[in-house]
Amino acid sequence: MEIAGIIIAAVLGVGLGAGGIFAYNKKNEKGGKNKAEDLVRKAKHEASEIVLKAKKEASEIASKSQNEENERRKEWRRTENRLAERETTLDGKLDQLEKKSEKLNKEEKEIEELKNEIRDIRVKQHEKLEKIAGLSKADAREKLMTMTQNDIKQDLVNLVTKEQKEAQHDIDETVQAMLVTAMERMSSEVTADRTITALKLPDDEMKGRIIGKEGRNIQAIQRATGVDVLVDDTPGMVVLSSFDPIRRQVARYAMERLMKDGRINPSSIEDAVAKAEKEIEKEVVRAGEDAAREVGVVGIPRELLHLLGELKFRTSYGQNVLLHSVEMAHMAGMIAEEIGADKRIAKTATLLHDIGKAVTHKIEGKHAEIGAELAKKYGMPDEIVHAMAAHHNDIEPTTTEAIIVKIMDAISAARPGARNISAENFAERMKDLENIATSFPGIDKAYAISAGREIRVIVEPKQIDDLSALKLARDIANKIEATMSYPGVIKVNVIRETRAVEYAK
């Protein structure tokens with residue numbers, strides 16, 4: 001393209017020069033011939049120079065293009081050579097892989113043949129051994145297993161017993177230290193007062209006022225409070241009877257107010273009962289708030305605090321339930337801090353664990369389940385709800401805090417003097433313990449001792465060996481846990497002994 005442009009420019013230059021000469025001659029017809037020739041020569045010379053320059057540039061461009069073409073051809077030849085070399089190398093590697101594959105296949109066949117030969121030899125050896133020993137393979141295996149079991153059985157028993165004793169010793173020392181520390185730091189009343197349900201009459205005149213004309217006053221008291229009032233059963237006493245401890249306490253406050261005032265009639269009875277209900281309501285709220293404040297737990301919904309305060313008027317085997325819960329919460333916080341559990345969850349769950357008892361006379365079900373449902377209803381965390389529901393093993397405790405609540409409940413209820421249990425219930429529990437133990441085969445005798453804290457089981461040595469005795473103790477303990485309700489821990493002590501007796505004559 002550049003060469004063509006240069007040639008065109010030269011031609012145009014010559015044309016313009018000729019045109020100029022023609023125009024000049026046309027205009028100056030009388031001009032000299034020499035001057036025209038000079039102009040022609042000059043134009044030709046310029047055109048010749050332009051053409052030479054164009055040819056030179058064209059030659060340089062052609063030479064440069066030729067050189068570039070030669071370089072490209074050399075590069076293509078080098079690339080072709082490299083590709084050819086790689087192809088040759090790949091062909092060689094493929095040949096090697098094929099040879100290795102053939103070799104591996106041959107070796108696999110040889111290995112399989114060797115395996116078959118070894119199997120045949122092993123079968124023949126087993127057949128020879130069975131003929132020599134007179135035993136089949138299954139019989140020989142069973143005999144060997146029996147001999148091995150007899151040899152190591154006693155060693156296993158000794159090892160298990162040793163490990164259990166060492167683990168139990170370490171656990172007992174650690175747990176005992178923690179519990180003793182927590183109980184030493186916690187100081188509370190050993191026994192709690194029962195809810196008062198009997199009032200002393202100052203004189204017979206007051207008795208008549210309480211009864212009223214044709215018994216209208218006593219009927220008014222019973223209608224207003226929902227409590228049965230008995231004035232003739234116990235001399236000099238007024239007995240208040242109701243399953244609802246709050247109602248019983250309202251009746252008590254109202255009766256005390258009426259006897260102090262001396263004016264007893266249906267109108268004054270209604271006023272006294274209304275004032276007593278307000279006092280009880282304030283006392284319930286104050287008791288719940290004071291308990292939470294004493295334990296150091298915050299964020300409990302007001303509805304649950306109200307139920308907690310009602311436990312002030314509720315007893316369990318003579319133990320005040322609110323004091324029992326506060327005592328538990330203090331110890332649970334100490335134990336949780338010692339073992340690294342969540343202190344807030346442990347304290348909150350132990351404080352609220354018995355709130356179901358405040359409504360058991362209104363809602364059917366176990367108090368642990370009712371309490372857990374109420375806590376869940378009012379937005380308590382799942383960890384607290386679970387610990388409350390599991391404190392009597394109605395469900396399996398799966399968190400450390402739930403186990404703490406369970407243990408604290410047992411400690412608070414089981415300590416001496418905490419609860420009053422009738423002799424009939426005590427004897428029945430002892431009998432149930434013995435019946436559970438004797439329900440297992442191989443038991444000779446069973447005795448419940450230490451006030452039901454231990455059950456001693458004597459087994460037949462011919463039916464129960466040492467290893468089975470360990471399993472029997474665990475099975476009896478599991479059955480006691482599943483079928484009985486009891487405070488604290490019951491120790492299952494399985495005794496097996498062999499006596500050899502001979503007489504010298």
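Tabulated data for the structure shown
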read-out: Candidates Glu327, Glu283, Glu256, Glu277 - the one that is farther than 30 Å from Gly212 by Cβ and either in a helix (DSSP H, G or I) or under 36 Å from the mean Cα position of the chain (by Cα) (or both); value: Glu327
read-out: Residue match in region 292-301 (condition: aliphatic (A, V, I, L, M), free of Cβ contacts under 8 Å to residues at least 12 places away in the same chain and within 30 Å of Met206 (Cα to Cα)); value: no
read-out: Flag for Val238 being closer than 29 Å to Lys362 by Cβ and assigned to a helix (DSSP H, G or I); value: no
read-out: Of the criteria (1) within 17 Å of Met380 (Cβ to Cβ); (2) touching a residue at least 40 places away in the same chain (Cβ under 8 Å), which one Lys343 fails; value: (2)
read-out: Candidates Ala133, Ala224 - the one that is farther than 30 Å from Ile407 by Cα, at pLDDT below 80 and small (Gly, Ala, Ser); value: Ala133
read-out: Any hit, region 277-288, residues being in contact with a Lys or Arg (Cβ under 8 Å, 6 or more places away or on another chain) and more than 30 Å from Met328 (Cα to Cα); value: no
read-out: Region 361-390, residues that are at pLDDT below 85 and touching a Pro at 6+ places or on another chain (Cβ under 9 Å); value: His361
read-out: Selected residue (only one of Gln154, Gln149 is within 54 Å of the chain's Cα centre (by Cα) and touching a residue at least 60 places away in the same chain (Cβ under 8 Å)); value: Gln154
read-out: Close pairs (9 angstrom Cβ cut-off, 6 or more residues apart or separate chains): touching a residue at least 40 places away in the same chain (Cβ under 8 Å) in region 456-475, among the hydroxyl-bearing types (Ser, Thr, Tyr) and part of a helix (DSSP H, G or I) anywhere; value: Asp466/Thr161; Leu470/Thr161
read-out: Strands (runs of 3 or more DSSP E) contained entirely in region 426-505, each with at least 3 residues that are farther than 21 Å from Val160 by Cα and in contact with an Asp or Glu (Cβ under 9 Å, 6 or more places away or on another chain); value: 443-449
read-out: Some residue of region 260-267 being modelled with pLDDT under 85 and among the acidic types (Asp, Glu); value: yes
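Conditions tested, residue by residue: (1) hydrophobic (A, V, I, L, M, F, W, C); (2) not in a helix (DSSP H, G or I).
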site: Thr348; (1), (2): no, no
site: Leu351; (1), (2): yes, no
site: Lys357; (1), (2): no, no
site: Ile363; (1), (2): yes, yes
site: Ala368; (1), (2): yes, no
site: Ala372; (1), (2): yes, no
site: Ala375; (1), (2): yes, no
site: Val385; (1), (2): yes, no
site: Met388; (1), (2): yes, no
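The values are calculated or read from the model by the stated rules, or taken from the named source; none is laboratory data. Treat the numbers as computed from the prediction; the structure is a model and nothing was measured. Quick reminder, even Gly has a Cβ in these numbers, built from the backbone with ideal geometry, and neighbours come from all protein chains shown.
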